[in-house]
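Peer 1: Take this structure first; my questions come after.
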Amino acid sequence: MAADRARLLYVTDLAYPARGRRYCDEDIHLTARLREDFDLALCHPLDAAALMEGFDAVVVRNSGPVLGYQEAYDAFRERATARGTRVYNPLHGRGDMAGKQYLLDLTAAGYPVIPTVDRAEDLHLLPQAARYAVKPKAGADSIGLRFLAYEELAGLPYGELLVQPRVDFRYEVSFYFVDDRFQYALYAPDPERRWVLEPYEPTAEDLAFARRFVDWNTLDHGIQRVDACRAPGGELLLVELEDLNPYLSLDRVSEQVRDGFADAMVDSLRAFLAAS
């Protein structure tokens, strides 16, 4: 490896069986671009803790839901923190990286988010709905998601569960950022086909909405995806703030946008390494 080039350990599960998506294609494209500027090695998330020594930074990308390897992920975080290893995205993210607590915090702070509670005694704070979404706080990729009637909510084992009204939204839209720079937006015109995405041209109001959550998360460097839904009243509501390993759907954008994202990631990593 060249002595003047930073060495990156790129964490990805190339065989992860995502529904309607091919994680491996995305990471093949990104690593091809990163190799132009960095010395690079790929590894599976189960191997990251053992292999991180000797690299200037660890880049966590499409590594799949950590629920499938929670013990190994916790060990990776612990070891990286103890050794002072640079991890991109940085491990102090306040979004999905830390679980779903942020949905409760943002609800309490009055942010435009789908109202969320985690206690039976707070159910009355939710707006009335025909059905309610129940999901684990540590969930990801719709794992453990259920839809229940209101009368079924009282007997749930609260503590590790979240409850939200099921919103009859018009569509879902995602905003993609590198550091604090907006890159592109995609939306799913058909609510029943979440990953059939098309380019979306956001309004200034849409971007202001998304930036509120990027600013709240206080990550100076990294990749974030702000997922929202267009509520029946026309307003956007936050669905998810993904700051651990957000899938980018780069196959749904033009070559120019895809290459621009990869260039932005290179610039971000350079700044991240220089500041660390």
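The values are calculated or read from the model by the stated rules, or taken from the named source; none is laboratory data. Because the structure is a prediction, the values reported are computed rather than measured. Quick reminder, even Gly has a Cβ in these numbers, built from the backbone with ideal geometry, and neighbours come from all protein chains shown. Areas reflect the complete protein model, heavy atoms only, side chains present, ligands, DNA and RNA absent. Shrake-Rupley method; radii C 1.70, N 1.55, O 1.52, S 1.80 Å.
Peer 1: Charges on Cβ only, +1 for Lys and Arg, -1 for Asp and Glu, centred on the Cα centroid of segment 123-276; of Phe209, Ala149, Val173, which one is farthest towards the dipole's positive end?
Peer 2: Of the candidates, Ala149 comes out farthest on the positive side.
Peer 1: May I ask you to give the solvent-accessible area per residue for segment 149-276, in square angstrom, as obtained with a 1.4 angstrom probe?
Peer 2: With the other protein chains kept in place, segment 149-276 gives 45 Å² per residue.
Peer 1: Per residue of segment 254-271, what does 6.51 cos²θ - 1.76 cosθ + 1.60 with θ = phi - 60° give for ³J(HN,Hα)? Whole Hz please, x for Gly and Pro, Karplus curve as stated.
Peer 2: For segment 254-271, the Karplus curve yields 6, 4, 4, 5, 4, 5, x, 5, 4, 5, 5, 5, 4, 4, 5, 5, 4, 5 Hz.
Peer 1: Taking 7 Å along the Cα-to-C-beta vector as the label spot, tell me the Leu148-Asp168 distance in nanometres, rounded to one decimal.
Peer 2: A separation of 2.3 nm, rounded to one decimal place.
Peer 1: Okay, next question. Tell me whether segment 9-58 comes out rounded, prolate or oblate; compute the Cα gyration tensor, take square roots of the eigenvalues as a ≥ b ≥ c, and use a/c under 1.5 as the rounded threshold.
Peer 2: oblate
Peer 1: Report in % the part of the accessible area of the chain that belongs to carbon and sulfur, leaving out ligands and nucleic acids; probe 1.4 Å.
Peer 2: Ligands and nucleic acids excluded, carbon and sulfur give 50 percent.
Peer 1: Right, next: State the percent of C-alpha pairs, over all pairs in segment 74-119, separated by a distance greater than 13 angstrom.
Peer 2: 62
Peer 1: Also, quick follow-up: Per residue, how big is the convex hull around the C-alpha atoms of segment 53-200? Give it to me in cubic angstrom, could you?
Peer 2: Dividing the Cα hull volume of segment 53-200 by its residues yields 154 Å³.
Peer 1: Add -39500 (n - 2.57) for each DSSP H run of 4 or more in the chain, then divide by its residues: what number comes out at 222 nm, to the nearest 500 deg cm²/dmol?
Peer 2: -8000 deg cm²/dmol
Peer 1: Report the dimensions of segment 60-100 along its three principal axes from the alpha-carbon atoms, largest first, rounded to Å.
Peer 2: Sorted largest first, the three principal extents are 24, 20, 18 Å.
Peer 1: Any idea how far apart Arg5 and Ser254 come out in nm if each label point goes 7 Å out from Cα toward Cβ?
Peer 2: That separation, rounded to one decimal, is 3.0 nm.
Peer 1: Same structure, new question: To two decimal places, what compactness ratio does segment 26-96 give when its Cα radius of gyration is scaled by 2.2 N^0.38 Å?
Peer 2: Dividing the Cα radius of gyration by 2.2 N^0.38 Å gives 1.11.
Peer 1: Right, another one. Which whole-number percent is the relative contact order of the chain (Cα, under 8 Å, 6+ apart)?
Peer 2: Here the relative contact order equals 18 percent.
Peer 1: Just to be sure I understand the curve: with the Debye formula and one point per C-alpha of segment 144-276, what is log10 I(q)/I(0) at q = 0.11, 0.13, 0.22 Å⁻¹?
Peer 2: -0.47, -0.64, -1.37
Peer 1: Next up: Can you work out the accessible area per residue across segment 2-74, with the rest of the protein chains kept in place, probe 1.4 Å, in square angstrom?
Peer 2: Result: 46 Å² of accessible area for each residue.
Peer 1: Ok, one more. How big is segment 1-125 in terms of Cα radius of gyration and Dmax, in angstroms?
Peer 2: Final numbers for Rg and Dmax: 17.8, 61 Å.
Peer 1: Right, another one. Based only on Cα atoms, what mean projected area does the convex hull of segment 123-208 have, in nm²?
Peer 2: 7.5
Peer 1: Per residue of segment 67-72, in order, report the coupling 6.51 cos²θ - 1.76 cosθ + 1.60 (Karplus, θ = phi - 60°) as ³J(HN,Hα) in whole Hz, putting x for Gly and Pro.
Peer 2: 4, x, 8, 4, 5, 5
Peer 1: Then there's this: Quick one: check the C-alpha center-to-center distance for segment 206-247 versus segment 249-267, whole angstrom.
Peer 2: Cα centroid of segment 206-247 versus Cα centroid of segment 249-267: 19 Å apart.
Peer 1: At 0.36 nm per residue, and after removing the present C-alpha to C-alpha distance, how many nm does the segment from Arg193 to Ala130 gain when stretched out fully?
Peer 2: Fully extending the segment from Arg193 to Ala130 adds 20.6 nm.
Peer 1: If you don't mind, another one. Could you derive backbone 3J(HN,Hα) for segment 184-200 from the dihedral phi with the Karplus parameters 6.51, -1.76 and 1.60 (θ = phi - 60°), listing whole Hz in sequence and x where the residue is Gly or Pro?
Peer 2: Calculated HN-Hα couplings, in order: 6, 9, 9, 9, 10, x, 9, x, 7, 10, 4, 9, 8, 9, 10, x, 10 Hz.
Peer 1: Among Ala133, Phe55, Leu67, which residue has its Cα furthest toward the positive end of the charge dipole of segment 31-177, with +1 on Lys/Arg Cβ and -1 on Asp/Glu Cβ?
Peer 2: Positive-end residue among those listed: Ala133.
Peer 1: I would also like to ask the following. Give, in nm to one decimal, the length gained when the segment between Ala32 and Asp180 is fully stretched (0.36 nm per residue of separation minus the Cα-Cα distance).
Peer 2: Here the answer is 50.9 nm.
Peer 1: Oh, and also: Taking a ≥ b ≥ c as the square roots of the eigenvalues of the Cα gyration tensor of segment 95-142, is the shape rounded (a/c under 1.5), prolate (a/b larger than b/c) or oblate?
Peer 2: Oblate, because a/c is 1.5 or more while a/b does not exceed b/c.
Peer 1: Principal axes first, then extents: for the Cα atoms of segment 216-269, list largest minus smallest coordinate on each axis, whole Å, largest first.
Peer 2: Principal-axis extents of segment 216-269 (Cα, largest first): 38, 28, 15 Å.
Peer 1: Taking amide H atoms as placed 1.01 Å from N in the peptide plane, list the residues 5 or more away in sequence, or in a different chain, whose amide H sits under 5 Å from that of Val113.
Peer 2: Leu238
Peer 1: Could you work out the pair-distance distribution P(r) of the chain from its alpha-carbon pairs, with 5 angstrom bin width and percents rounded to whole numbers?
Peer 2: Over the chain, the share of Cα pairs per 5 Å bin runs 1, 5, 12, 16, 18, 17, 13, 9, 5, 2, 1, 0, 0 percent.
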